[in-house]
1. Quick check on this structure: which one of L84, L77 is in contact with a Ser or Thr (Cβ under 7 Å, 6 or more places away or on another chain) and surrounded by 14 or more Cβ atoms within 10 Å (Cβ to Cβ)?
2. Can you find, within segment 1-21, the residue that is modelled with the highest pLDDT among those that are loosely packed, with under 12 Cβ neighbours inside 10 Å and within 20 Å of the chain's Cα centre (by Cα)?
3. I'd like to check which strands (runs of 3 or more DSSP E) are fully inside segment 123-225 and have at least 3 residues that are in contact with a strand residue (DSSP E or B) (Cβ under 8 Å, 6 or more places away or on another chain), loosely packed, with under 13 Cβ neighbours inside 10 Å and in contact (Cβ under 8 Å) with a residue 60 or more places away in the chain.
4. Quick test for you: out of A143, A217, A123, A185, pick the one residue that is modelled with pLDDT under 95 and more than 22 Å from M45 (Cα to Cα).
Amino acid sequence: MNLFFWKKPVMVEPPVKQRFDHHRLLVEKGSDKKYLSPLEFEKQMGIVYLPRLDFQSWTDFSSISRKIAKFHEKGYLTQQQLWLGAYFQKEILGCEVPPVALRWIDDEIGWGVFSLQDLKPMALIGEYTGQVRRKNRSDAKNAYCFQYSIISSEPTRYAIDARNQGGITRFINHSDTPNLGSALATCHNLSHIVLFTKKQIRKGEQICYDYGSDYWAKRSKPRTL
């Protein structure tokens, strides 16, 4: 039985150009701890603050959204991605800052993300954000580039590029024994890579997820966390 269906999906406007001036992001480096505005965050980190997906072109956005609607209508989207999209819909659309801090670890690893409070299982940390664009050959050398999928079993011509833009999730490190899960969630005719707690996480614990075997196919794994 399909619990998620519609007869005539409504197209949505591309989620771009929204301002997040009210956001405050805790950044810690040594004894220096500050809550930064998005503008201050951009100046310190050297990237564009982007807590939701951006699309390089309207044509690509329209094509992706229509394809997702078509796949949904035909029943190709999995129950898991639809359930997760419904379960996390408020958080995905609201783009609220999670209770975490961006903390400098060392010169080898760089930044990491740490919990500011105890977190229960199935708490959304956020989605992996960046610019959705068509893939190119240099993506294999881009450590912040992930496949953008519509359904998990079907590759697309698109990637999420967070090299020069992204949110807190851009800084979450890889672990072979992660405390976060990553999965595809679809809502409002868009698919998202959501990162959520797999188990209870204690205050002060670093949060990590498994980047996946495809990511490491042409890259060297970092020091084990």
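The values are calculated or read from the model by the stated rules, or taken from the named source; none is laboratory data. This structure is a prediction, so every number in the text was calculated from the model and none was measured. Don't worry about glycine lacking a Cβ; one is built from the backbone with ideal geometry, like all the others, and counts go over all protein chains shown.
1. Result of the check over L84, L77: L77.
2. D21
3. Working: elements: 124-127, 131-134, 145-147, 158-161, 180-187, 190-197.
Correct list: empty, since no element meets the threshold.
4. That would be A217, the only listed residue that is modelled with pLDDT under 95 and more than 22 Å from M45 (Cα to Cα).
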